[in-house]
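K.L.:
Questions regarding the structure given below will be posed in turn.
The values are calculated or read from the model by the stated rules, or taken from the named source; none is laboratory data. None of these values were measured; they are calculated from a predicted model. Note that we place each Cβ from the backbone using ideal geometry, even for glycine, and neighbour counts take in every protein chain shown. Quick note on the areas: whole protein, heavy atoms, side chains included, nothing else; ligands and nucleic acids left out. Shrake-Rupley method; radii C 1.70, N 1.55, O 1.52, S 1.80 Å.
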Amino acid sequence: MTTFDDDCQGIKVYRFQPCYEAGGGLRANKISPETLWFSTPKNLNDPMDIDHPLDDLMRGDGGDSPVLRDMAKVMYAPEQNQYPRELITDDLLQKIQYWSVNGGHSLDICHEFRERLLQLGVACFTPNWDSPPMWAHYASNWQGFAIEYCIRQMDMANANENSAFWQFWVNYGSRIEQTSLSELLFSPYEAVSRILSTKTLPWSYEKEWRLIHLAGGDQTVNMPIGMRMTSIVLGPKSPCEQNKLFAEKCAEWKLPLRRVNVGLDRTLHLRDERVLTGGDSEQ
C-alpha cells in the first residue's frame, strides 16, 4: 500500500536491505540518514535493467548514417546547448561531435550511449513495506530491514540543488522495446527516461520508484532535497545484534524503530520497538 503521512506531507517509500554485507559485517553499520548509496546498473538484479537494445535504423550498409550525422553536427555544435548537460557528459559530447564531422560506424555511438547509461547511479524503492517477495528477495529472507523515507516529489523536482537527480515510477511491460540512435541524439531526455523507467512484467511486484544519480553510481551521495529518512523497519527474523545496533542508531537519530510481525492470520503488522536512550542498556 502507498502510505501518506501528515508529518511527511508526501509519500513513504521503503528500501529493503540485507542483514549482512557480502564480506561479513552488518549492513546497518553503513546506513546514515544523511546519505544514500547508489549502485550501477551492472549490480542490479535484473540483467536487462537499463541495458536496453540500441540501434541505428537509418544507417547504410557500411554503417555510416550521413543524415543523422548532419543533424547531430548542428545540434551538438560547440555553440549549442540544446541537450541535458548532466546526461551528455563532456566525453560523450566529444565523441558525438567527432563522429558527426568525421564519420564512422553509427553503432559506435550507440555503444557510447550504452556505456553512459551503465555509469549512472541507481537507488530503488517501493511504496510497500508489507510485500513478502521484497522481504524474501532483498532482505535476507526476512532477516534484514527496510529503511523508510518520506519523498516530496515536487520539492525534489524543483530544487536547483537536485539537478543531478532524476526520479521515476517504473512502468512494466511484456517486452523491452529497442531505442533508436535518432531518439537518443535528438530527444535524449525522453529516450533515456523511457529506458530508465521501463522493466518487464515479472518485476511488477516491486512497484518501484527509483532515483537516478546522473553523476554516477557505486558511491554514497548526500541526501537530495525533498527526501528524508523517517524510520527503520526490522524483519521478523532480524537477529539480536542487528536489533541492538538499530536501537542505538535510532535513538541517536531520533527516529522510530519498528518490527514486522506475522499475525495468526498470516498477515503482516508493524510493531513499535523500544528504542534505547542514552541511559538505557539492554537486559
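K.L.:
Would you mind checking K42/K95; K30/K254; K73/K199; K73/K95; K42/K73; K199/K237 for any pair whose Cα atoms are more than 21 angstrom apart?
P.N.:
In this structure, K42/K95; K73/K199; K42/K73; K199/K237 exceed 21 Å between Cα atoms.
K.L.:
Give me the Kirkwood hydrodynamic radius of the range 23-104 in Å, from all C-alpha pairs, to one decimal place?
P.N.:
16.6
K.L.:
Using only the C-alpha atoms of the range 206-271, find the volume of their convex hull and express it per residue in Å³.
P.N.:
Hull volume over Cα atoms, normalised by residue count, gives 157 Å³.
K.L.:
Averaging over every viewing direction, what projected area does the convex hull of the Cα atoms of the range 44-92 cover, in nm²?
P.N.:
Value for the range 44-92: 5.2 nm².
K.L.:
Give me the percent of the accessible area of the range 1-159 that comes from carbon and sulfur atoms, probe 1.4 Å, all protein chains in place.
P.N.:
Ligands and nucleic acids excluded, carbon and sulfur give 50 percent.
K.L.:
Accessible area per residue, 1.4 Å probe, Å², for the range 16-146: what's the number?
P.N.:
48
K.L.:
Please give, to one decimal in nm, the separation of the simple spin-label points placed at S193 and Y98, each 7 Å out from Cα toward the Cβ.
P.N.:
For S193 paired with Y98, the spin-label model returns 3.1 nm.
K.L.:
Using the basic label-point model (7 angstrom from Cα toward the beta carbon), what is the W142 to M71 distance in nanometres?
P.N.:
5.5
K.L.:
Oh, and also: Using a basic spin-label model with each label point 7 Å from the Cα along Cα→Cβ, how many nm lie between D91 and N158?
P.N.:
Taking the simple label geometry, D91 and N158 are separated by 3.6 nm.
K.L.:
Something else now. What is the chain's relative contact order, in percent, from Cα pairs under 8 angstrom and six or more apart in sequence?
P.N.:
That works out to 27 percent.
K.L.:
Beyond 18 Å, what percent of the Cα pairs of the range 101-255 remain?
P.N.:
Roughly 69 percent, rounded to a whole number.
K.L.:
Please report the projected area of the chain's Cα convex hull averaged over all directions, in nm².
P.N.:
Taking the Cα atoms of the chain, their convex hull projects to 17.7 nm² on average.
K.L.:
Taking every Cα atom in the range 11-58, find the radius of gyration and the maximum pairwise distance Dmax, and write them in Å.
P.N.:
16.1, 52
K.L.:
If you build the convex hull over the alpha carbons only and average its shadow over all orientations, what do you get for the range 166-283? Give it in nm² to one decimal.
P.N.:
Answer in nm², one decimal: 11.5.
K.L.:
From the mean inverse distance of alpha carbon pairs (Kirkwood) and the Cα radius of gyration, derive Rg over Rh for the range 22-161.
P.N.:
Here Rg/Rh amounts to 1.10.
K.L.:
Now for a different question. Loop only per DSSP, at most 12 neighbouring Cβ atoms within 10 Å: give me the trypsin sites (Lys or Arg not before Pro) in the range 82-182, ordered by residue number.
P.N.:
Loop-located and lightly packed - R85, R175.
K.L.:
Just to confirm, what accessible area per residue do you get for the range 175-283 at 1.4 Å probe, in whole Å²?
P.N.:
50
K.L.:
What's the local net charge at T89, with K and R +1, D and E -1, over the other residues with C-beta under 11 Å away?
P.N.:
Its environment carries a net charge of -2.
K.L.:
In Å, what Kirkwood hydrodynamic radius results for the range 58-132 from the alpha-carbon pair distances?
P.N.:
Radius from the Kirkwood sum: 14.3 Å.
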